[in-house]
């Protein structure tokens with residue numbers, strides 16, 4: 001029995017489990033929030049990209065907003081690393097490459113990539129266990145896509 005087991009009224013930090021939708025959105029949110037700021041344009045781009053996916057079929061704007069508010073709250077309280085760890089647990093191995101591709105696409109939408117965006121994408125790639133050669137292929141294709 002530990003010291004805090006003897007003290008009444010001490011609440012343990014909640015361990016939050018994310019749904020597969022929340023997990024997927026977390027990866028995109030991490031990429032968009034790489035610079036510490038989420039602009040209205042970035043948020044809209046992310047939401048538009050997500051709602052077009054089968055995974056988010058049936059999600060209305062209020063449900064999407066509530067989910068994103070929850071994820072931003074996790075970042076504020078527990079940090080980005082915690083959110084990414086939770087997201088990895090909630091994502092099936094088959095969806096990890098897709099989540100990385102969507103996050104990469106969001107960061108490359110303006111045709112440029114900032115240093116912090118490179119760092120977060122590298123972290124996401126490593127955390128999700130995506131082989132480096134596969135990640136490079138994904139990035140190359142998205143660079144071509146976002147040239148125009």
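Give the angle, between 0 and 90 degrees and rounded to the nearest 10, that separates the Cα long axis of helix 80-90 from the longest principal axis of the Cα atoms of the chain.
Rounded to the nearest ten degrees, it is 90.
For the stretch 18-145, rounded, prolate or oblate, judged on the Cα gyration tensor with a ≥ b ≥ c (square roots of eigenvalues), a/c < 1.5 rounded, else prolate if a/b > b/c?
On the way: a/c = 1.31, a/b = 1.26, b/c = 1.04.
Rounded shape, in that the Cα axes give a/c under 1.5.
Kindly identify the stretch 12-89 as rounded, prolate or oblate by the Cα gyration tensor criterion: order the square roots of the eigenvalues as a ≥ b ≥ c, call it rounded if a/c is under 1.5, otherwise compare a/b with b/c, prolate if a/b is larger, else oblate.
oblate
Could you state the angle between the C-alpha long axis of helix 61-78 and the longest principal axis of the C-alpha atoms of the chain, as a value from 0 to 90 degrees rounded to the nearest 10?
60 degrees
Give the separation of the Cα centroids, the stretch 26-66 to the stretch 83-148, in Å.
Value for the Cα centre distance between the two parts: 15 Å.
Working out 0.36 nm times the residue gap between residue 77 and residue 134, then minus their Cα-Cα distance, what length gain in nm do you get to one decimal?
Details: separation 57, 0.36 × 57 = 20.52 nm, distance 3.28 nm.
That works out to 17.2 nm of additional length.
Under the rule a/c < 1.5 gives rounded, and otherwise a/b versus b/c splits prolate from oblate, where does the stretch 92-143 land using the Cα gyration tensor? Walk me through the intermediate numbers first.
Working: a/c = 1.77, a/b = 1.49, b/c = 1.19.
Note, shape of the stretch 92-143 comes out prolate.
Please order 26, 61 by the number of other Cβ within 10 Å, starting at the fewest.
Numbers: 26 29, 61 9.
Ranked by crowding around the Cβ, least crowded first: 61, 26.
Rounding to the nearest 10 and keeping the result within 0 to 90°, find how far the Cα-based axis of helix 20-32 lies from the longest principal axis of the chain.
Computed tilt is about 70 degrees.
We did not get these values from a lab; they are worked out from the coordinates using the rules stated. Please read all numbers here as calculations on a predicted model, not as lab measurements. So basically every Cβ, Gly included, is an ideal-geometry build from the backbone, and we count neighbours across all protein chains shown.
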